[in-house]
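These notes are about the structure you will find just below.
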Amino acid sequence: MLKYIEGGVCAAQGFRAAGIHVGVKTHAAWKKDVALIVSDVDCAAAAMFTTNVVKAAPIHVDRKHLADGKARAIVANSGNANACAPQGEENAIKMCAAAAKAIGCPPEDVLVSSTGVIGQTLKVQVIEEGMPALYEALEHSVEASDAAAHAIMTTDTVKKEVAVETVIGGKTVRMGGIAKGSGMIHPNMGTMLCFLTTDCAISPVMIRAALKEVVSKTFNRISVDGDTSTNDSCIVLANGLAGNAEITEQGADYQAFTEALMTLCTELARKMAADGEGAKHLITCTVTGAVDEKTAETVARSVISSTLTKAAIFGADANWGRVLCAMGYSGAEFDPEAVDVAFASAAGEIAVCEQGRGLSFDEDLAKKILTEHDVEIRISMGAGPGAATCWGCDITYDYIKINGDYRT
């Protein structure tokens, strides 16, 4: 019933998007740097933000604008984080006002996001001046979602865009999203922006509950480099144009909605982990046999966050000792002598540790397995029904190159 479709944030009925260059990115005049997503009607809205104590100005503004659980549009820029910057909140409010004027809605119905360099004053005037052209560029099309997806990219090498279709309450419901994220990625959330749209009818209370549940098992289970940013935002808008009976409580319809949202966000999370700055490999760590899901998640997070494990995957070195070491300092309670570890990829699977002890294995086969782009670390803890999956990437020389001169 659930299937992937094209369209990104424009897949759902009643959503238009655009992305253009206005001049926030002065060093790259060919790169889009402002995106706009607009619903034809008011939406139920919810968001999850960074847990970093230092928060960017747009987050403070969005929290106020989301107080009533409703919104109509999202405006976002790349090239400047508008975090710890002069006139930060004032400039975020100006972005909302400019978008609201073009759309014809109250400024409080516009949500705002920024990403880029921290501490520099946002050139909000170029966004204000470019807003009429941005609004005129709005379309309900695959190309429009693509433009918006590119407009929020910073060090990303590829766009992150997914859409799905399902049936809820007897009606076809569509849901799509775009995201950016490549560096400063670590639970809880990282330097990521994610904008989700759906034509499902769902109340503000229930959409927030669904988003909170899904984010905890997707975006909060990825890590690139151990840094959590100031700007992390995941925003969802639901305009109800699919015509299903509004979801106002737990039940089959809510479960179907959450399943679709989970599928969507899992794919976007994987795309972010795979596009980690300088990365050559996507690392998936799946833990089974834990006492409970929380323990499994704690262990999997620790493994995909381990610098030494990342380095081993980069070198295609089946150094399973790095995995056990990361498990050991995760903070989870477990019996090391009950642990099994295997590496897997499209090239096959190889067991490297059983009952906490090393196995003799074919090093050439192990290297072949770890040379694939998508690599999985499979851990069995032999203690219970708990299971969880987290995603990360290897660390390479290019990561240092990218971040050594990011600001200059």
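Points worth noting:
- Here GLU89, GLU349 are placed in order of increasing Cβ neighbour count within 10 Å, fewest first, which gives GLU349, GLU89.
- Of all lysines in the structure, those lying under 24 Å Cα to Cα from LYS3, and not within fewer than 8 positions of it along the same chain, are LYS159, LYS160, LYS171, LYS180, LYS212, LYS217, LYS271.
- Based on alpha-carbon atoms, the Kirkwood radius and the radius of gyration of the range 213-287 give Rg/Rh equal to 1.05.
- The chain: Cys lacking any partner C-beta under 4.7 angstrom: CYS10, CYS43, CYS84, CYS96, CYS105, CYS200, CYS265, CYS285, CYS325, CYS353, CYS390, CYS393
- Separation in nanometres of the label points that stand 7 Å from Cα toward Cβ, at THR371 and GLU293: 3.9 nm
- In Hz, Karplus ³J(HN,Hα) per residue of the range 20-32 (6.51, -1.76, 1.60; θ = phi - 60°; x = Gly, Pro): 9, 9, 10, x, 5, 8, 6, 7, 9, 5, 8, 9, 5
- Considered as an equivalent ellipsoid built on the Cα gyration tensor, the chain has semi-axes of 38, 25, 18 Å, the largest given first.
- Debye log10 I(q)/I(0) for the range 282-404, one point scatterer per Cα, at q = 0.09, 0.11, 0.23 Å⁻¹: -0.22, -0.33, -1.34
- The mean of 1/r over all distinct Cα pairs in the range 1-152, once inverted, gives the Kirkwood hydrodynamic radius of 15.4 Å.
- For the range 384-398, the Karplus equation 6.51 cos²θ - 1.76 cosθ + 1.60, evaluated at θ = phi - 60°, returns couplings of x, x, x, 8, 6, 10, 10, 10, x, 8, 6, 10, 10, 4, 5 Hz by residue, with Gly and Pro reported as x.
- Dipole size of the range 3-274 about its Cα centre, with +1 on Lys/Arg Cβ and -1 on Asp/Glu Cβ: approximately 460 debye, rounded to the nearest 20.
- Taking every DSSP bridge with both residues inside the chain, close to 70 percent are antiparallel.
- The aspartates and glutamates within cross-link reach of LYS368, meaning a Cα-to-Cα straight distance under 19 Å and a gap of 8 or more places when in the same chain, are ASP317, GLU349, GLU376, ASP394.
- R0 of 25 Å, Cβ-Cβ distance VAL142-VAL167: FRET efficiency to nearest 0.05: 0.65
Coordinate-derived values only; no laboratory data. Just so we're clear, the structure is a prediction, and the values are computed from it rather than from any experiment. As a convention, Cβ positions derive from the backbone with ideal geometry for all residues, glycine included, and neighbour counts pool all protein chains shown.
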